[in-house]
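The values are calculated or read from the model by the stated rules, or taken from the named source; none is laboratory data. Being a predicted model, the structure only gives us computed values, none of them experimental. Virtual Cβ from ideal backbone geometry, glycine too; neighbours counted across all protein chains shown. Heads up: the accessible areas ignore ligands, DNA and RNA and are worked out on the full protein's heavy atoms, side chains in. Shrake-Rupley method; radii C 1.70, N 1.55, O 1.52, S 1.80 Å.
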Amino acid sequence: LRRHLPALPIVDITHDISPGDVRAGSLALERAVPYLPEGVVVAVVDPGVGTARRGVAVQVRGAELTLVGPDNGLLVPAATRLGGIATAVTLQPVCWPGTRSRVSSDGIGGATTFDGRDLFAPAAALLAGGTALAHLGPAIDPTTLARLPTPVCRAGPGGSLEAEVTWVDRYGNVQLAAGLGRLPVGLSLAPLLCAPAGQAPRRAKEVHTFADLGPGQLGVLVDSYGRLALCLNGASAAAELGVIETDIVVLSRAPL
Amino acid sequence: LRRHLPALPIVDITHDISPGDVRAGSLALERAVPYLPEGVVVAVVDPGVGTARRGVAVQVRGAELTLVGPDNGLLVPAATRLGGIATAVTLQPVCWPGTRSRVSSDGIGGATTFDGRDLFAPAAALLAGGTALAHLGPAIDPTTLARLPTPVCRAGPGGSLEAEVTWVDRYGNVQLAAGLGRLPVGLSLAPLLCAPAGQAPRRAKEVHTFADLGPGQLGVLVDSYGRLALCLNGASAAAELGVIETDIVVLSRAPL
Amino acid sequence: LRRHLPALPIVDITHDISPGDVRAGSLALERAVPYLPEGVVVAVVDPGVGTARRGVAVQVRGAELTLVGPDNGLLVPAATRLGGIATAVTLQPVCWPGTRSRVSSDGIGGATTFDGRDLFAPAAALLAGGTALAHLGPAIDPTTLARLPTPVCRAGPGGSLEAEVTWVDRYGNVQLAAGLGRLPVGLSLAPLLCAPAGQAPRRAKEVHTFADLGPGQLGVLVDSYGRLALCLNGASAAAELGVIETDIVVLSRAPL
């Protein structure tokens, strides 16, 4: 990027997605995009690199934001969060003038294992430099883009809610695939029982922040992304509950 | 920050403070500030987020540096190192025009768990853009700012020095809360015994750099921050001594 | 750097080299430099800091790139990759006006354990600001620069190739010190046996990308740096083979 646009402001959102975890990458991107300035986002979690999966650039509807990356579901949740996809193109590798690295021009390139460097970053540089999306490749129907399964959030037995763990942050807070609006009728945060699917439910206290909890006391709050989250004060709720991302947590009504 | 000031130079000092470790954050900030350019520092280690603890901005005396963060002791050692606090204000959340994220404006905000994003960064953006400190909130008496206990550095029995471990760096060097000037009369680096409190003392060789030590030989030097530090050559003194941050190390006179 | 040149674009190549691992640092730098823009590279993996080892700045032949760091072998492979060393100087600490930190000017400096901060970064700031290389210190003969052993890549018994593991990346891919051109006559990627030295050989499938492999199937490909690499699809080849950096892997002809 700096070779093409030396003074371009660059923000590193994260380099800490686990290898190949497209789902975690898509959710991290979805959380981040509402806070980004206008510009181009390169997102690469790409276990299918070098296969027939497409590389794409996606213009978000109603936002000055373009997302570039593999067509494996990584980009769609972020675009959907911001308003949906206005237009999309398949990236054509032949389009990038001057982007062959010295390694590749030595004739020892030809690898198809690092599109982040060889395809997506050059495309982003062109877009950031003013090249129109349409120049990067043929338009595609946004409805043909690959999509990941939506995180589970469904009514369960007895008026309960079953919600997938979308994120365990570095503090061990357990974010669920549900906002307040997804609670079934008759279920509120206070009082609430919660448990990993198949385990004995525990009472969780409705709080507004971590310090409202006593030592070892499990809490539930609406987190800073508008999602329900289970937490402890100064400790890891994920460790306490024994849950990891993609697990299902059951929320149910607690006896008064 | 980039939404308000797209071209602002931004330096990431560290993202590696352990969750909730205000003390470690305050010491890392104190080590860093002498090397920073003029500007605004946002520091967030904030286990009390969302409680009555204040958010503050602090103008350092005699330096073109403003520190922004929670009033929990995080900022004071850095300001003290540079010359003390000239003025301080309590941050008022109502002051920030245009800083409501798209998430918050969707009505799913209201969380009080991420002041780093929702309060401190917007305040820093305003300050970096030229807003006067006084516009961010009412002035407060700097002496009312929360302070952490000063790391232990005291005379011990028999002319010894008891000093707290302020930092174990990534190499395992053990920085102590003492410079050369804090050694009691009659105690010098050569020869020196040192030990975690309650353990058998070991001889440490006075050196000027790591490579002055033989394999497995314990050393003591004045480190690059002017503090005494215990070290090994190419290995972790913290692991060798079994000490962690906040432990007390006893330095005493070695027999010749 | 920001105190001298507030608006200078800065790229962090990596902060993840293991403490003191000059070899790993030199290889990471060698992989990175073909992709860097014009400028100055500061590289610091420096277990000999404070000893008689020189600090150097090296102008790469035919490239607008200057490398700054310790004379311990860290810089030479990168310079060699780009075309060799045009000129080199020994850095003189007396040259840097205005670079004494507030800490050092307090008289508590004098440490010789952090040349990255106290010598190499100031030198890089001067170079990036336009100071000529020759002003930073006396010229030295590039052939006198310290060099690390070249990673092993040699013919083995029975037409085999013995190659050192130069890098295990975060996915567990095992990069070897060999490109396709180093395969002995009669040895090709298909079919191929490979094994850590002294262990039973395993068949590796020649592929062009990870997704060409079935579950648990070991593959060999020319990686994105033009080197042979052993890999699995969605798993760590290094863990599967039990190899780490500096190990020797034997490649040999597989029965058809």
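Some notes on this structure:
- Taken as a whole, the condition of being touching a Leu at 6+ places or on another chain (Cβ under 7 Å), within 26 Å of B:Thr14 (Cα to Cα) and of a type in the set (Val, Ile, Thr) applies to B:Val165.
- From A:Pro19, A:Pro37, A:Pro47, A:Pro9, residue being within 14 Å of chain C (Cβ to nearest Cβ) and surrounded by fewer than 15 Cβ atoms within 10 Å (Cβ to Cβ): A:Pro19
- Looking only at region B:162-198, and only at residues there that are touching a Pro at 6+ places or on another chain (Cβ under 6 Å) and over 15 Å from B:Ala24 (Cβ atoms), the one that is modelled with the highest pLDDT: B:Tyr171
- When the strands (runs of 3 or more DSSP E) confined to region B:173-256 are screened for residues that are crowded, with 17+ Cβ neighbours inside 10 Å, those reaching at least 3 such residues are found at B:174-176, B:192-196, B:219-222, B:228-231, B:248-253.
- Scanning region B:52-61 for residues that are surrounded by fewer than 19 Cβ atoms within 10 Å (Cβ to Cβ) and either touching a Leu at 6+ places or on another chain (Cβ under 7 Å) or among the aliphatic types (A, V, I, L, M) (or both) turns up just one, B:Ala52.
- For the condition open to solvent by less than 50 Å² (accessible area, probe 1.4 Å) and more than 20 Å from A:Pro9 (Cα to Cα), C:Leu27 qualifies.
- Checking each residue in region A:221-256 for being charged (D, E, K, R) and within 13 Å of chain B (Cβ to nearest Cβ) picks out A:Asp223, A:Arg227.
- Selection within region A:146-172 - part of a strand (DSSP E or B) and either within 14 Å of chain B (Cβ to nearest Cβ) or touching a residue at least 40 places away in the same chain (Cβ under 8 Å) (or both): A:Leu161, A:Glu162, A:Ala163, A:Glu164, A:Val165, A:Thr166, A:Trp167, A:Val168
- Complete set of residues in region C:35-79 that are within 18 Å of C:Leu8 (Cα to Cα) and either assigned to a loop (DSSP other than H, G, I, E, B) or not hydrophobic (A, V, I, L, M, F, W, C) (or both): C:Leu36, C:Pro37, C:Glu38, C:Gly39, C:Ala43, C:Glu64, C:Thr66
- All positions within region B:187-220 that are touching a residue at least 24 places away in the same chain (Cβ under 8 Å), closer than 16 Å to B:Gly172 by Cα and within 14 Å of chain C (Cβ to nearest Cβ): B:Phe210, B:Val220
- Every residue from region B:141-170 that is of a type in the set (A, V, I, L, M, F, W, C), under 29 Å from B:Val58 (Cα atoms) and open to solvent by 30 Å² or more (accessible area, probe 1.4 Å): B:Ala146, B:Leu148, B:Val152, B:Trp167, B:Val168
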